[in-house]
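The structure appears below as structure tokens.
Every number here is computed from the coordinates shown, using simple stated rules; none is lab data. Keep in mind that what you see is a predicted model, and the values were worked out from it rather than measured. Note: ideal-geometry Cβ built from the backbone for every residue, glycine included; neighbour counts use all protein chains shown.
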Amino acid sequence: MKKIAKDQLALLWEKIDQNYQLFLPIAKEKAVNFSTWKEGAEVDLDALRTVNSPKNIIFPQTETYLTFKKEGKKLGLEVVSRDEEYVVFGVRPCDVASFKLLDNVFLGEPVDKFYEENRQKGLIISQACLNPEETCFCNAFAINPESAPVGADVATWDLGDLLLWEAQSEKGKAFTEALSDLLEDVSEDDRKKLDEVKAGIKDKLEDLPLVHVAPEKIEGGLKEIFASEVWDELYQRCLGCGMCTYVCPTCHCYDLKDYNGNGCGERFRCWDSCMFSDFTMMAHGNPRTTQKERVRQRFMHKLVYYPNNYESYACVGCGRCTERCPVRLDIVKVIKKLGGERNEL
């Protein structure tokens with residue numbers, strides 16, 4: 001295990017930036033999001049979570065696959081690929097866990113080659129959560145905010161004036177070795193303080209209001225849940241704005257589009273949402289014609305369909321939907337309703 005003084009982090013950013021595109025939580029216009037680091041950027045490693053998840057880095061909101069150009073009778077095609085390797089620094093354990101859920105979808109057969117390339121060129125550095133908030137419920141999905149999460153190449157912990165650093169993968173070990181001139185070995189006192197910090201995080205988590213959210217208590221099988229009268233009540237509040245799907249780190253629906261103008265253009269994909277009325281529109285129309293069907297689809301996918309295929313829920317308890325939904329219709333309320341708490345809405 002290594003450490004670096006926090007007043008030396010700017011030097012660390014500079015060194016990483018020499019060989020990688022570096023993404024950090026950066027404060028801009030009163031919001032913190034993962035953005036490309038540049039000298040002078042206002043890095044905020046203390047923000048519990050970014051407004052948008054780092055999903056956008058490995059699964060961009062818009063991503064060009066192909067460009068084309070017509071010259072006379074000839075059509076020139078060029079496949080677009082990501083050139084630069086990158087580092088995402090300061091990813092919370094819940095967001096690290098979300099990458100695995102996306103991997104299940106995009107890296108299963110047939111493999112999505114664009115997503116695969118994005119994943120292979122990236123290095124993930126996690127940061128433990130010192131102060132989980134009231135909207136957090138990651139423990140409901142077996143995620144430990146104080147831990148070194150599975151899927152991180154390097155794990156870090158904030159000890160006040162120090163950042164403790166531990167490589168987790170072979171890629172992370174090679175990366176750590178390349179930064180050896182800036183990193184020092186930890187002392188026994190540092191390790192003891194880390195144990196105290198981890199214990200403190202666990203204690204704080206136990207005091208949070210959503211600590212007892214339990215998706216495993218959802219009653220009934222697939223057919224029973226699908227036919228539940230709960231949906232008749234839940235959907236009526238939904239505006240169909242799609243905010244929940246766009247801030248969610250595990251939502252992965254997308255659409256393919258072609259842009260053509262004056263003999264040249266591109267094919268790209270962009271995020272889509274099952275909450276939109278024209279989602280999966282086909283020649284005969286939309287297969288889900290009501291907002292009730294769309295609301296049910298979203299939560300059935302996260303709590304029933306996805307677990308049936310991958311043996312894990314399609315949620316990491318990050319709390320973004322509980323914080324951002326304008327009508328407070330979030331997955332916590334759905335879990336409680338389906339689990340028998342009939343007065344919870």
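Figures for the structure shown
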{"item": "Charged-residue dipole, Cβ positions (Lys, Arg, Asp, Glu), the stretch 215-338 about Cα centre, Debye nearest 20", "result": "240 debye"}
{"item": "Alpha-carbon Debye profile of the stretch 2-206, log10 I(q)/I(0) at 0.11, 0.13, 0.17 Å⁻¹", "result": "-0.56, -0.76, -1.25"}
{"item": "14 Å cut-off, amide nitrogen to a point 7 angstrom out along Leu179 Cα→Cβ, residues in the stretch 85-104", "result": "86-91"}
{"item": "Options Ala178, Val111, Leu239, ranked by Cα towards positive dipole end of the chain, top entry (Cβ charges)", "result": "Leu239"}
{"item": "Relative contact order for the chain, counting Cα pairs under 8 Å that sit 6 or more residues apart, in percent", "result": "20 percent"}
{"item": "31 Å tail of the calculated P(r), the chain, as % of Cα pairs", "result": "40 percent"}
{"item": "Calculated [θ] (222 nm, deg cm²/dmol) that DSSP helices of n ≥ 4 give over the chain, each run adding -39,500 (n - 2.57)", "result": "-8500 deg cm²/dmol"}
{"item": "Under 5 Å, built H, 5+ apart or other chain: amide partners of Gln168", "result": "Val154, Ala155, Lys173"}
{"item": "Rg in Å to one decimal, and Dmax rounded to a whole Å, for the stretch 132-191 via C-alpha atoms", "result": "13.8, 40"}
{"item": "Size of electric dipole in the chain: Cβ of Lys, Arg +1 and of Asp, Glu -1, about Cα centre, debye, nearest 20", "result": "1460 debye"}
{"item": "Potential extension, Ser169-Asn260 segment - 0.36 nm per residue separation minus Cα distance", "result": "28.4 nm"}
{"item": "Normalised convex hull volume, the stretch 92-204, alpha-carbon set, Å³ per residue", "result": "117 Å³"}
{"item": "Gln21 long-range amide H proximity, modeled H, under 5 Å", "result": "Glu85, Tyr86, Val87"}
{"item": "Cα-centred dipole magnitude for the stretch 2-206, charges only on beta-carbon of K, R (+1) and D, E (-1), debye, nearest 20", "result": "880 debye"}
{"item": "Built amide H within the under 5 Å cut-off of Thr50, gap 5+", "result": "none"}
{"item": "Too-long pairs where the Cα-Cα distance tops 22 Å, listed order kept, from Lys38/Lys121; Lys55/Lys121; Lys2/Lys121; Lys257/Lys292; Lys2/Lys193; Lys15/Lys121", "result": "Lys2/Lys121; Lys257/Lys292"}
{"item": "Given charges at Cβ of Lys, Arg, Asp, Glu: the chain dipole, positive-most of Phe226, Met1, Phe99", "result": "Phe226"}
{"item": "Karplus 3J(HN,Hα) series, Hz, for the stretch 142-148 with 6.51 cos²θ - 1.76 cosθ + 1.60 (x for Gly, Pro)", "result": "6, 10, 9, x, 8, 9, 8"}
{"item": "Between the stretch 167-224 and the stretch 260-323, the alpha-carbon center distance in angstrom", "result": "30 Å"}
